[in-house]
1. Out of the strands (runs of 3 or more DSSP E) lying entirely within region 147-240, which hold 1 or more residues that are under 24 Å from A378 (Cβ atoms), open to solvent by less than 10 Å² (accessible area, probe 1.4 Å) and of a type in the set (F, W, Y)?
2. Restrict the check to region 381-394 and report whether at least one residue is open to solvent by 30 Å² or more (accessible area, probe 1.4 Å) and modelled with pLDDT of 95 or more.
3. Scan region 28-49 for residues that are surrounded by fewer than 18 Cβ atoms within 10 Å (Cβ to Cβ) and either among the acidic types (D, E) or at pLDDT below 95 (or both) and report the count.
4. How many residues does region 332-363 contain that are open to solvent by less than 60 Å² (accessible area, probe 1.4 Å) and in contact (Cβ under 8 Å) with a residue 40 or more places away in the chain?
5. Modelled with pLDDT of 95 or more, in contact with a Gly (Cβ under 7 Å, 6 or more places away or on another chain) and not acidic (D, E): which single residue out of G97, G76, G64 fits that description?
6. Restricting attention to region 137-146, and to residues there that are of a type outside the set (S, T, N, Q) and within 21 Å of E125 (Cα to Cα), which single residue is surrounded by the most Cβ atoms within 10 Å (Cβ to Cβ)?
7. Report yes if A378 is within 19 Å of V216 (Cα to Cα), assigned to a helix (DSSP H, G or I) and touching a helix residue (DSSP H, G or I) at 6+ places or on another chain (Cβ under 6 Å), otherwise no.
8. For region 261-309, give me the residue count where each residue is open to solvent by less than 40 Å² (accessible area, probe 1.4 Å) and without any contact (Cβ under 8 Å) to a residue 60 or more places away in the chain.
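The values are calculated or read from the model by the stated rules, or taken from the named source; none is laboratory data. Given the structure is predicted, the values throughout are model-derived calculations rather than measurements. Here the Cβ is made from the backbone with ideal geometry for all residues, glycine too, and neighbour counts use every protein chain on show. Quick note on the areas: whole protein, heavy atoms, side chains included, nothing else; ligands and nucleic acids left out. Shrake-Rupley method; radii C 1.70, N 1.55, O 1.52, S 1.80 Å.
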Amino acid sequence: MKTHRLNELPAWQAAALLQRRELRAEDLLRACLERIEAREPDVQAFAVLDADAALAEARSLDAGALRGPLHGLPLGVKDLFDTADLPTAYGTPIYAGHRPAADAAAVALCREAGAVLLGKTVSTELATMQPGPTRNPHDLAHTPGGSSSGSVAAVADFMLPLALGTQTAGSIIRPAAYCGVVGYKPSLGRVPRAGIKLQSESCDTAGGFGRSVRDVALLGAALLGDPRLNDARASEAPRMGLAPTPQWPQADADTQRVWAEAVRAMAPLAADCRDAALPEGFEALVALQKAVMCFEAARSLTHERVLHRERLSPALRTMLDEGLAIDGVRHAGHLRSVAQWRLRIDALFERHDVLLTPSTIGTAPLFESTGDPVFCRAWSLLGLPCIHLPFGRGANGLPVGLQLIGRQGDDHRLLAAAQWVHERLGG
């Protein structure tokens, strides 16, 4: 099969061809490498690239038995996940050249399923807000978002079909929105976090990026060990709750327009489409997520904070200092509030299958900022599964879209609803 544009195949379609031996893993990988060679100098999605090892692995897969559902698919891994055969620097010079002894569990699961690790993608500094070198492939003057910057840019620019990322506040959903791809953050706790540089025990979640719902469902099934994700098809129209959230006034004209178009299109098609009536006080969850995240980051990153403070960015030092100003008694109270809120929000899913809500304030800002995760913080704190769906373009030509939120643990139902919605709204 010709390598020309094989890199543009959706992951699910490439996987089907690989499973039938109608596509060689080596050919697919070479198409990705050609794209990387052409675009990486501008986009700068990779922290480390190992083409030789990846090609050797692809040839081995072509010559051997089928490995699993990700057999032969090139994969990018955010440089926050440990890898035994590639350096892992966590987006900071503090760990330059660091060589972990083992793969992170999520990486090992993907390899076991047959994925070919092509390289480590750029992470912002310790998965916080300090930008790395990666640019938005749609407009190099703009950010791809953070902290999963390299992963999202590589998928959006057709360098890779799939890539792993993480989210603490909005580090999967926001970049997916800015780069016009599908980003999936699973339910908290459903993907093992062993071997990931953690920031917040209460929020950190591993997930990933693809160019369609079926792509991230394929990846998600391997990560969660739940084949229902890959078979997710809505048997009937979902009941959709509209949740613009109290932060809605911060949404710009592009987001408000896409919201109105989506609601207008879905209202006559969904089984139900009405206001989700978020509980009183929901607006406080943004500040609560910040407080929980800062407290836990100040402790998770104690080694870096104490021994390498001068090598941290001013923004990260400020964040850690804010976390240190919160004592453990207050944090325990915050965690009790989180537990109560999770129960209150869970009750919404008795009336709605999914919630529709903004992903971002608007399109990607200029490169100096990774953007504001204000529309993601509450859902990350609640531990709910989230998926970003690209719907169109803003006035400046950059991607814009919305996200769907599912019930805790009901990732397969969320993906089924997302597939139903995306088929009707398009990308």
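1. 182-185, 205-210
2. Looking for residues that are open to solvent by 30 Å² or more (accessible area, probe 1.4 Å) and modelled with pLDDT of 95 or more, one finds at least one in region 381-394, hence yes.
3. 3
4. Here the count works out to 19.
5. G76
6. Out of the qualifying residues, it is P144.
7. For A378, the condition - within 19 Å of V216 (Cα to Cα), assigned to a helix (DSSP H, G or I) and touching a helix residue (DSSP H, G or I) at 6+ places or on another chain (Cβ under 6 Å) - is not met.
8. 7
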